[in-house]
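Read through the structure below, which is laid out as structure tokens, and then see the notes.
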Amino acid sequence: MSTISRSAKFAERTSRLRASTIREMLKVTQQPNVISFGGGLPAPELFPVAAVAECTAEIMEEIGASALQYSVTQGIPEMRTWVAQRLATQMARDVSADDVLIVNGSQQGLDLLGKIFLDPGDHVLLERPTYLGAIQAFDAYQAQYLSVETDEHGIVPESLERIIERADPLPKFLYLVPTFQNPTGRTLSIERRERIVRICERFEVPIVEDDPYHELRFEGEPLPPLVSFARNGSVIYLGTGSKIVAPGLRIAWLVASDPEVREKLILAKQGADLHSGSLAQYIFHRFVSRREAFARHLEAIVATYRGRRDVMYAALGEFMPESVRFNKPEGGMFLWASVAGIDTTALLERSKEERVVFVPGVSFYPQRDVVESMRLNFSNAGEEKIRVGIERLASVIRSSAR
Ligand SMILES: Cc1ncc(COP(=O)(O)O)c(C=O)c1O
């Protein structure tokens, strides 16, 4: 134990901070021959390395020092306009660049929302299961959770209504990932989208819509984000460049049309990091402004992930025992499987020995009360590896079931 940790009185809020299973797992995945369905990593071979190098050189040539200077907290105007225009197209509704705040990954957006909304003990409504990074962000603000039931069409409106009706005090907000959810890959049906917004508006509970996978659709019609149904700024929207360009740039955006919310967020961000990296914003903006090249880049990501989803789905059907149930998401990066009668945390230890890893589903339930499911990522490994990995995993499950 270091001198500091012996003498320091850490803040109470640190008592709930735990190493995430996923970050821990990344250590195993560094080992050779391990096939990982664990992390949520994009395919690195699709990163636009040459284009980013070109954009960077152009920026240094044309903008030079001001791309390296301190900048405004909200983000560079070019980025905010690009976000507003892109979201407006998806929503078929105007979006003002004034409503956009550029953040350092949507993970920072979640942290800032925790910072401005949550006092210790406050309640947050979550889907069941939900995104682990959100639990980590809100845990730091000592939130308590109310979990809403979900089925294969996403969050169940009746369950949401019942929980809010009984809640005392009212929850501070509902957090959800309506499209190709992390961890389940499920999408909230069109019928439910407007209903969820109306229920929350009736009780004056804001919604935080986290939408990193919207553009990774393999088939079917795109669905309007929840924010397109909002009447009075009741939905705060988060989008990110991590899955469509590269997570290392840490460029993401928060869209809030309520001026008071925005003002608080800007002040919270000033305290955290003054502003997101200017150079990264310029690079991101220049890359996405090469419209045709960016469209082709997105098509390549979608085609590659679709192929990998197909291979994983087919391999699950071919190799897994009957007791394993799994879905076929229409986009995103994850598929959800449940293994009747097997605790997947124990299963992970055995599957590590067989050089294949996944994330046990329990990580995505703050109450840690559902143990028989797992999240499988299909974006990172190539098709051949996916097939071999699922075959290995199936044999670990068969031997565990005996
Ligand atoms: C639902 C969800 N929200 C937020 C994030 C974090 O994204 P970012 O890289 O923008 O911080 C992820 C990343 O996996 C995610 O799945």
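The values are calculated or read from the model by the stated rules, or taken from the named source; none is laboratory data. Predicted model, so just to flag it, every value in this text is computed and none were measured. Cβ atoms come from the backbone with ideal geometry, glycine included; neighbour counts cover every protein chain shown. Only protein heavy atoms, including side chains, enter the accessible area calculation; ligands, DNA and RNA are left aside. Shrake-Rupley method; radii C 1.70, N 1.55, O 1.52, S 1.80 Å.
Structure values in brief
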{"item": "Filtered residue count, region 364-378, keeping only those that are surrounded by 22 or more Cβ atoms within 10 Å (Cβ to Cβ) and not in a strand (DSSP E or B)", "result": "2"}
{"item": "Residue list for region 218-239, restricted to those being more than 12 Å from Arg93 (Cβ to Cβ), assigned to a loop (DSSP other than H, G, I, E, B) and either open to solvent by less than 20 Å² (accessible area, probe 1.4 Å) or not acidic (Asp, Glu) (or both)", "result": "Phe218, Gly220, Pro222, Leu223, Asn232, Gly233, Ser234"}
{"item": "Identity of the residue in region 192-217, part of a loop (DSSP other than H, G, I, E, B) and within 16 Å of the ligand (Cβ to nearest atom), that ends up surrounded by the fewest Cβ atoms within 10 Å (Cβ to Cβ)", "result": "Glu215"}
{"item": "Residues located in region 124-136, provided they are crowded, with 23+ Cβ neighbours inside 10 Å and over 16 Å from Gln181 (Cβ atoms)", "result": "Val124"}
{"item": "Of all residues in region 231-243 being out of contact with any helix residue (DSSP H, G or I) (no Cβ under 6 Å at 6 or more places or on another chain) and at pLDDT 95 or above, the one that is farthest from the ligand (Cβ to nearest atom)", "result": "Ile236"}
{"item": "Residue match in region 350-371 (condition: without any contact (Cβ under 8 Å) to a residue 60 or more places away in the chain and aliphatic (A, V, I, L, M))", "result": "yes"}
{"item": "Helices (runs of 4 or more DSSP H) (entirely within region 9-123) containing at least 3 residues that are surrounded by fewer than 17 Cβ atoms within 10 Å (Cβ to Cβ) and either at pLDDT 95 or above or at positive phi (or both)", "result": "49-62, 77-91"}
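Conditions (1) more than 23 Å from the chain's Cα centre (by Cα); (2) not in a strand (DSSP E or B), marked per residue:
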position: Trp253; (1), (2): no, no
position: Gly271; (1), (2): yes, yes
position: Glu292; (1), (2): yes, yes
position: Ala295; (1), (2): no, yes
position: Ala303; (1), (2): no, yes
position: Leu335; (1), (2): no, no
